[in-house]
Amino acid sequence: MQQFFFAESKAFGSRVEQLFNFIHPASVALWNLRWQVQGFVSASPGATEAELSGRFSSGSGIKASNLKEVCVETPWESQMGQFAQIVGANMIALYEGWSEEIFFKLTGKRPGRGPGPSKDIQFPSRGQFGRVTKGVRDVLADMHAIGISSEMKAAFFPVYSASKKYSHNELDGLTALYRYHKEIRNSFMHGGGLASKVAEAAWRNASTLTKVDIGGKADPILTQITEGQSITYTIEEAIQLADVIIRLVHTIDAELSYSSQAEQYFLDAWKASSGILKLQQLPTDTVRRDRRIAKICRKVGFVTPADPAAAITLGKRAGMIS
């Protein structure tokens, strides 16, 4: 089960689930359609496109064209490559949208055309993999420099950072691998599927990574990229990208959960929760008190705190409990 601190991260997790809830059955459906069309054409070699469309798309509201070309003449691997591009483009868009929203929440500023935290977070840190300007760790350091809440760190960070997807030590390797996928996406969208010089450089950086660098059970899945040459992208690579991005969001979300802005976000959510004043008076018994603060935290959309006393300190300081 995914656990995120910020609402934007929770929305990201839901959208990723929706994407794969579409991709998985859609790919299975296409596989079965291919099998059925191939069987029909084998039995009726002279079947027309109109006959095929009438047989396999009737009632769908969609006119199926070129079913013979799609299901008989087109290799399955080619179609899986199309699914891979859909997954890759959507995952990158989700990550970019999440980064813009999370840093707008924390800074109050929308990203401009130049560098900024929502863009820098998509690169390895300064000095890593040829990066000469700010990257992922630099952005987190900047946010922590603005202010850290020791109570938030004690109360919630241990829970969010306990996720199997939390990958703080691998942030630079993960963002280097992300750049490989991002430049493939850019080449498809802006270069007609031909690799750019930047894409080749991103592949060279990613090709130095091992499973240790990305915290995985296996080395990264990569296909060599050469400038000016057509790019091949597989569904295995797209699934790898999804895991990379999910791990980045888990890690960054956890790291930002103890910023001073996160404390205010937590308290604002507490104050806005309906019926929360009924829980204002804490029991004197320690066990019941800890259960009460855990109930409050879950009610306002967060996890049971690792350190109930720290959450109580936050609530008392804000006048929410006594």
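Please treat every number below as a calculation from the coordinates, not as lab data. A quick note: this is a predicted structure, and the numbers were derived from the prediction, not measured. Here Cβ is always computed from backbone atoms with ideal geometry, including for glycine, and neighbour counts include all displayed protein chains.
Okay, here's what the table says:
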{"quantity": "A7 paired with L33, simple spin-label distance in nm, labels 7 Å along Cα-to-beta-carbon", "calculated": "3.8"}
{"quantity": "Long pairs among K109/K271; K182/K299; K109/K164; K63/K182; K134/K182, criterion Cα-Cα beyond 27 Å", "calculated": "K182/K299; K109/K164; K63/K182"}
{"quantity": "Likely footprinting exposure, M152, M189, M143, M320, fewest C-beta neighbours within 10 Å first", "calculated": "M189, M320, M143, M152"}
{"quantity": "Förster radius 41 Å - calculated FRET efficiency between S58 and T286, Cβ distance, rounded to 0.05", "calculated": "0.05"}
{"quantity": "Pair-distance profile P(r), taking every C-alpha pair of the range 79-256, with 5 angstrom steps and integer %", "calculated": "1, 8, 16, 21, 21, 16, 9, 5, 2, 1, 0"}
{"quantity": "For log10 I(q)/I(0) by the Debye sum over Cα atoms at q = 0.06, 0.10, 0.14 Å⁻¹, calculated from these coordinates, the label among [x] -0.30, -0.70, -1.07; [y] -0.31, -0.81, -1.26; [z] -0.18, -0.51, -1.03", "calculated": "[x]"}
{"quantity": "Cut-off 13 Å, label 7 Å out along Cα→Cβ of T133, residues of the range 188-212 by amide N", "calculated": "none"}
{"quantity": "FRET E, pair F104, A43, Förster distance 45 Å, beta-carbon r, rounded to 0.05", "calculated": "0.20"}
{"quantity": "Nearest 10 degrees, 0 to 90: helix 136-146 Cα axis against the chain principal axis", "calculated": "20"}
{"quantity": "Eligible aspartates and glutamates near K316 by straight Cα distance, threshold 19 Å, same-chain separation 8 or greater", "calculated": "E151, E263, D268, D285, D290, D307"}
{"quantity": "Radius of gyration, Dmax [the range 90-149; alpha carbons; angstrom]", "calculated": "11.7, 34"}
{"quantity": "Placed amide H near I148: partners under 5 Å, 5+ positions off or other chain", "calculated": "S260"}
